[in-house]
Amino acid sequence: MLVVFRGHDAYVSPSLYATKKETGKVVPTWNCAMVKARGIAKLQDQGQWLADQIKALTAAREASRAEPWAVTDAPREYIETQMKNIVGSEIEVTALEGKWKVSQNQPETNRRSVVAGFSGDEEMREMAELVRTYGKVE
């Protein structure tokens, strides 16, 4: 089985690059971060294993809500019926591979200008931080 965990990603306009003015030799690109996990899949349709996963996932996703919903808020019979339609899976991870494409192939002036361009945009701040960290921008 292959599972891909996608991190932050962002379109990088050539207009963000400082070298655009110097040479014009720039093209658009896409910065991204991701991890691929490979392993042996095992289907899990056992009642208790599945119930524990659903409870844990629900608790984690509901934790930030003022009035979090819990699996026990619904009638037990209803939850049992819903669980019959779910097949859980777990993976015994045999290999992990991370990929970072965060402007590290660009000269420092371009990395700095990408960080500056992304830092002012709420949606792009995480990518700006990745470029700053892995592009070694001070």
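The values are calculated or read from the model by the stated rules, or taken from the named source; none is laboratory data. Since the model is a prediction, treat every value here as computed from it, not as a measurement. Here the Cβ positions follow ideal geometry from the backbone for every residue, glycine too, while neighbour counts run over all protein chains shown.
Among (1) surrounded by 11 or more Cβ atoms within 10 Å (Cβ to Cβ); (2) more than 30 Å from Tyr17 (Cα to Cα); (3) assigned by TED's automatic domain parsing to the domain that holds Met1, which single condition is Thr109 missing?
For Thr109, the exception is condition (2).
Would you confirm, using the coordinates I've provided, whether Val71 is aliphatic (A, V, I, L, M), modelled with pLDDT of 90 or more and touching a helix residue (DSSP H, G or I) at 6+ places or on another chain (Cβ under 9 Å)?
Here the answer is yes, as Val71 does meet what is asked.
Can you name every one of the helices (runs of 4 or more DSSP H) wholly within the range 16-134 that holds 1 or more residues which are touching a Gly at 6+ places or on another chain (Cβ under 6 Å) and either of a type outside the set (Phe, Trp, Tyr) or at negative phi (or both)?
47-62, 108-119
Contact list please: Cβ distance under 6 Å, first residue in the range 52-80 and within 25 Å of Glu90 (Cβ to Cβ), second residue of a type in the set (S, T, N, Q) and assigned to a helix (DSSP H, G or I), pairs at least six apart or on different chains.
Sorted first by the residue in the range 52-80, then by its partner, the pairs are Val71/Thr58.
So Ser89 passes all but one of these: (1) without any contact (Cβ under 8 Å) to a residue 60 or more places away in the chain; (2) in contact with a strand residue (DSSP E or B) (Cβ under 6 Å, 6 or more places away or on another chain); (3) surrounded by fewer than 16 Cβ atoms within 10 Å (Cβ to Cβ); (4) small (Gly, Ala, Ser). Which condition number does it fail?
The failed condition is (1).
Please go through (1) touching a helix residue (DSSP H, G or I) at 6+ places or on another chain (Cβ under 9 Å); (2) surrounded by 10 or more Cβ atoms within 10 Å (Cβ to Cβ); (3) within 27 Å of Trp100 (Cβ to Cβ) for Met1 and return the number of the only condition it doesn't satisfy.
Exception for Met1: condition (1).
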